[in-house]
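As structure tokens, the structure follows; a few thoughts come after it.
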Amino acid sequence: MFGFHRSQAPLQPLRIVIVGAGKVGTTLVEQLSNEGNDIALIDSDQEKVEEIDNAYDVLGITGNGASTRVLKEAGIEDADLFIAVTESDELNLLCCTVATMTSSECSTIARVRTPDYSQDAAYLRDKLGLAMIINPELEASNEIARILSLPAALEVNSFAHGNAEQIKLKLRETCTLVGKSIMDFSREKHPRMLFTAVERNGEVIIPNGSFVFDVGDTVSFVAPKKMSAKCLKYIGVPTNHIKDCLIVGGGKASYYLANRLMSDGIEVKIIEWNRKRCEELTDLLPHAVIINGDGTDAEVLKEAGIVSIDAFIPLTGLDEENILLTLHAHQVSDAKVVTKVNRFSFQNVISTLDLDSVVFPRLITAEAIIAYARAKRASIGSSHIETLSHMFDGRAEAVEFHVESASAVTGTPLMELKLKQNLVIAFINRGREILFPSGSDTIEVGDSVMVVTTHSGFSNIQDILA
């Protein structure tokens, strides 16, 4: 469960229909119902529907999400948002099409994984009238690629249309931050960066100027993208360039990731046990090395070069295999490892294993959809959400707002605004320039503003006010 403090913004709840009671559907039900929305869930599996219906205050319906009768039973005619996240791309698109035909006022979102469909995403979105097409494997591969661009980091999240990054890392004894306060650090001549959150002894802190860093702290900071590597180097975390990468598993995520890495000049090897899939990957990725073998076999990994590889990415369909492969890689290699984990329920256990970087595809998908839902809920307000990212297992959020009209937060020096506790304005993006604001700076119409907070549910820039 996400341990959020509830935002006090007096917004009307959305009426949301979700088709699909899998991992993503369950995550969406949990978060969107926690934020006070009215949820109807449809799935053909009665047992799954009853399980979620008993756990959350939702309307559970067993049936086909592409059936007009079932959709009407779920309240589609009065719905604000329709989300199709079944395991079938075709069913998701069909469900959205039927929902749009049944209720022209309802926005629709479809999860689509197949590469062919993803390449046509803009066309499908336009022709089918979709508000959003989301691809978990593609988004996960993009996140992994960002991490590999700064391999010393645990996480790298993109903001301001790619012009800024939020970077998470664990402080070692060699870090020059150790023993310094943020105030002391700010007096030094250093690259442009701002510290947004720190996890220490299981507690997430929004640090002020007097906060002193210590060994073992997990720290997040924001910086202009072009300065990220320089910032890491300055604080004693040199980051090396990844030249080659070994991927275990030949699924969709591997295909997307290999494409992305090779376009960046990184050599890629993929180990896949299914011969037919190896033949498909050879055609799809002619410049990658495709190895037909058991990627969980230590000898196969050794022959593939795990000992000397720069990056190792286990992307099998089983979380247990991915975690064991990561632990094995740490024993035999100095490679940067990023682990894909689909289930979130054992996050507390996973966090004790020191797996390095961990990517949760279903959370990436849920974040994008939740950001859209919050923006729709606050559509009459003075801003909309551009980017949403959960931090530290959901105990904090980074939210980027685009300021569309004047409000109580615009035109007034930040030092004169009464802001909520446990919140920091990380940057203001003004005309593609990333500004780290001081007390005398103001938020203006047209700006994008990134806020990091331990509160949740922020839908409008005015939610930062106490």
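The values are calculated or read from the model by the stated rules, or taken from the named source; none is laboratory data. Small disclaimer: the values here were computed from a predicted structure and weren't measured. Backbone-built Cβ (ideal geometry, glycine too); neighbour counts: all protein chains shown. Quick note on the areas: whole protein, heavy atoms, side chains included, nothing else; ligands and nucleic acids left out. Shrake-Rupley method; radii C 1.70, N 1.55, O 1.52, S 1.80 Å.
If a spin label sat at a point 7 angstrom from the Cα of Gln12 along the line to its beta carbon, the backbone N atoms of segment 25-65 nearer than 17 Å would be those of 36-39.
What does the charge add up to near Ile385, with Lys and Arg as +1, Asp and Glu as -1, over the other residues with Cβ less than 12 Å from its Cβ? Once positives and negatives cancel, what remains is -3.
Using the Cβ-Cβ distance between Asn163 and Leu318 with R0 set to 30 Å, the FRET efficiency from 1/(1 + (r/R0)^6) comes to roughly 0.20.
Cβ-Cβ distance of Asp297 and Lys243, R₀ of 41 Å, FRET efficiency by 1/(1 + (r/R0)^6): the value works out to about 0.95. Note on Asn34 and Leu128: the extension gain reaches 30.8 nm, defined as 0.36 nm multiplied by sequence separation minus the Cα-Cα distance. Fully extending the segment from Asp78 to Asp120, taken as 0.36 nm per residue of separation minus the present Cα-Cα distance, adds 12.1 nm. Projected label points at Leu353 and Asp57, each 7 Å from Cα along the beta carbon direction, are separated by 3.6 nanometres. Could you check how much of the accessible area of the chain is carbon and sulfur, as a whole percent, using a 1.4 Å probe? Solvent-exposed carbon and sulfur of the chain make up 48 percent of the total.
A 1.4 Å probe run over the chain, with the rest of the protein chains in place, finds 44 Å² accessible per residue.
Computed over neighbours whose Cβ is under 12 Å from that of Val112, the net charge equals -3, Lys and Arg +1, Asp and Glu -1. Between the alpha-carbon centres of segment 202-276 and segment 38-89 there is a gap of 37 Å.
Judged by the mean number of other Cβ atoms found within 10 Å, the most tightly packed of the peptides 455-464, 290-299 leads the ranking 455-464, 290-299. Here Lys243 is the anchor, and the aspartates and glutamates within straight C-alpha reach of less than 16 Å, apart from those fewer than 8 places off in the same chain, are Asp264, Glu267, Asp310, Asp334. When a/c is below 1.5 the answer is rounded, else prolate if a/b is larger than b/c, else oblate, so apply that to the chain with a ≥ b ≥ c taken from the square roots of the Cα gyration tensor eigenvalues. It comes out oblate by the Cα gyration axes. With Cα atoms defining each centre, segment 148-182 and segment 396-439 are spaced 21 Å apart in the structure.
With a Förster radius of 30 Å applied to the C-beta separation of Asp45 and Asn422, the computed FRET efficiency comes to 0.15.
Bridgeable lysines around Lys276 (alpha carbons under 17 Å apart, same-chain partners fewer than 8 residues away excluded): Lys252.
Straightening the chain between Arg432 and Val307 buys 40.8 nm, computed as 0.36 nm per residue apart minus the Cα-Cα spacing. The distance between label points at Glu203 and Thr102 comes to 4.9 nm (points 7 Å beyond Cα on the Cα→Cβ vector).
Other residues whose C-beta falls under 13 angstrom from the C-beta of Thr339 contribute a net charge of -4, scoring Lys and Arg +1 and Asp and Glu -1.
Taking a threshold of 28 Å on the Cα-Cα distance, which of the pairs Lys23/Lys376; Lys23/Lys226; Lys225/Lys340; Lys233/Lys336 fall above it? The pairs that break the limit, which is 28 Å between Cα atoms, are Lys23/Lys226. One equal scatterer on each Cα of segment 112-172, no solvent, Debye formula: the resulting log10 I(q)/I(0) at q = 0.17 Å⁻¹ is -0.70.
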